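For reference, the structure is listed below as structure tokens.
What follows draws every value from the coordinates through simple rules; no lab data is involved. Just so it is clear, the structure is predicted and the values come from calculations on it, not from any experiment. Counting neighbours? That spans all protein chains shown, and the Cβs are built from the backbone with ideal geometry, glycine included.
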Amino acid sequence: MIKRYLLTPGPTPVPTEVALRMAEPMIHHRTPEFSKIFSEVRVGLKALFQTAEDVLVLASSGTGAMEAAVVNLLSAGERVIVVNGGKFGERWTKICQSYGVEVEEIKVEWGEAVAVDAVRAALERFPGAKAVFVQASETSTTVVHPVEEIAALTRTRDTLLIVDGITAVGVFDVPMDRWGIDVLVTGSQKALMLPPGLAFLALSARAWKRAARPHLPGFYFDLMRERKSQGENTTAYTPAVSLVLGLHAVLAMLEREGYPNVFARHARLAAATRAAGEALGLKLLAPRSPSPAATGLYLPGGIDGGKLTKYLRDRVGVSLAGGQDQLKGKILRVAHVGYFGEFDIVTAVAAIEMALGKFGARVDFGSGVAAAERVLVEGLPSA
Ligand SMILES: *Cc1c(COP(=O)(O)O)cnc(C)c1O
């Protein structure tokens, strides 16, 4: 028997009370019973997004909401600016290009955040750009981009700021309305502690004006239509009923903990993971602007990260993420997003220490765990 630990940045672990809620008998979606739950979910989502606007619920993975933003706000041939500093930045480019939207990329070195000056320069060079696309947290490189500062540039221009917040919303403070974000997107399987299958997005008042004009053709992701239905506490098409029930339980859990505490927990777990990495001599992938959702750590030279993560997953029972593309085999990503607590970090760090030992690296067992504990103990209640 191997006890399994899912410590990846999506899908993330699902709390038992949420899983049980989703196991309730199916209910029909065109009923007062569903509408009541949905109306409560809608209120909770506004608090999560920190917006007065509607937060729409879509049945898709997070990428569906990314695509919905593109389709509803742009036309073929229009120009946009994309911050591409990792796999998910690249995804904005791919979605836009597949619809004939003209992309000007700001390429960012993996592990670095975009320079605000680079965004300002792009906006000056392409004053007609209809939108800037960015990740609040680029999960593939464990970086946080400076969304607040970028919003300060876009809100005074006729350029929308479209933000992928899939590992940011519910992880750290991203006040959509206060910062002036025009579109904010998230998904169910990261901070929201649910299985994959729901995506969410909210539009600012000026983004809704843009959506009311002619735009790229589409049918399923018709946000004007969804807004009308969801405003009446129903959905245009069949919703993912069980996931919505789970979401109802998740929002109650998050509100019980309180968002400031949720953000502080993520920050603490991230700080502990970074401290452990440092103690083990593992260089941080994103030392200057690390994400509170996941921590990227370089492995010692000569250790194959692909083999190490496979060994941990298949032989030891601990699933951690590796690197993609040019980081393949070189890094580990330790998640601390969603239903994560102090002892998940202890588990992850201990597993890394032991695996490094098995792979022949020089490691002082317990040194990473001790460094993590020194940070984590601050999060425990006083005796
Ligand atoms: C996970 C993730 C996505 C992709 O979401 P899917 O649910 O796989 O479609 C997009 N952006 C970021 C930053 C993510 O972490």
- Average silhouette area of region 73-180, convex hull of alpha-carbon atoms, in square nanometres: 6.1
- Computed helical MRE - 222 nm, the chain, DSSP H runs ≥ 4 contributing -39500 (n - 2.57), nearest 500: -12500 deg cm²/dmol
- Once a ≥ b ≥ c are taken as the square roots of the eigenvalues of the Cα gyration tensor of region 58-125, is the result rounded (a/c under 1.5), prolate (a/b larger than b/c) or oblate (a/b not larger than b/c)? oblate
- Cα convex hull of the chain: how many Å³ per residue? 141
- Around V143, which amide H atoms from residues at least 5 apart in sequence, or from another chain, sit under 5 Å from its own amide H, with H modelled in the peptide plane? E138, S291
- Tell me, what HN-Hα J-couplings in whole Hz come from the Karplus equation 6.51 cos²θ - 1.76 cosθ + 1.60 at θ = phi - 60° for each residue of region 138-150, using x for Gly and Pro? 8, 4, 5, 10, 6, 10, 9, 8, x, 5, 4, 5, 5
- Point-to-point label distance, F126-D314, nm (Cα→Cβ direction, 7 Å offset): 4.3
- Residues whose built amide H sits under 5 Å from the amide H of M193, excluding neighbours closer than 5 in sequence, are Y339
- Taking the chain and dividing mean pair separation by its residue count, relative contact order in percent (alpha carbons under 8 Å, at least six apart): 22
- Message: What are the ³J(HN,Hα) couplings of region 283-290, residue after residue, when phi is run through the Karplus curve with 6.51, -1.76, 1.60 and θ = phi - 60°? Round to Hz, x for glycine and proline.
- Response: 5, 6, 6, 10, x, 8, 9, x
- Query: What is the set of long-range amide H partners of L160 at a cut-off below 5 Å, with H atoms built 1.01 Å from backbone N?
  - Reply: A131, V132
- With no solvent and one equal point scatterer placed on each C-alpha of region 258-379, evaluate the Debye formula and give log10 I(q)/I(0) for q = 0.09, 0.14, 0.15 Å⁻¹, two decimals. -0.22, -0.53, -0.61
- Query: What range in the chain is the longest one free of GluC sites (Glu not before Pro) that are in a loop by DSSP and have at most 15 other Cβ atoms within 10 angstrom?
  - Reply: 233-383
- Task: Tell me the label-point distance for the pair T238, R4, using the 7 Å Cα-to-Cβ offset, in nm and rounded to one decimal.
- Result: 2.7
- Any chance you could give the angle, 0 to 90 degrees and rounded to 10, that helix 367-376 forms with the longest Cα principal axis of the chain? 50
- Return S137, S39 ranked ascending by Cβ neighbour count within 10 Å, so the fewest neighbours appear first. S39, S137
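Exactly which trypsin sites (Lys or Arg not before Pro) in region 237-334 are in a DSSP loop and have at most 15 other Cβ atoms within 10 Å?
Working: sites: R256, R265, R268, R274, K283, R288, K307, K310, R313, R315, K328, K330, R333; in loops: K283, R288, K328, K330.
In loop regions of region 237-334 (DSSP not H, G, I, E or B), the sparsely surrounded trypsin sites (Lys or Arg not before Pro) are K283, R288, K328.
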- HN-Hα couplings for region 96-106 via Karplus (6.51, -1.76, 1.60; θ = phi - 60°), in whole Hz with x for Gly/Pro, come out as 4, 5, 5, 9, x, 7, 7, 9, 9, 8, 9
- Just the number, please: Stokes-Einstein D of region 200-252 in µm²/s, Kirkwood Rh from C-alpha pairs, 37 °C, 0.692 mPa s. 257
- Task: Under 23 Å Cα to Cα from K3, which lysines show up? Leave out anything in the same chain fewer than 8 places away.
- Result: K190, K307, K310, K358
- Message: Ratio of alpha-carbon Rg to the 2.2 N^0.38 Å globular estimate for region 1-95, to two decimals, please.
- Response: 1.47
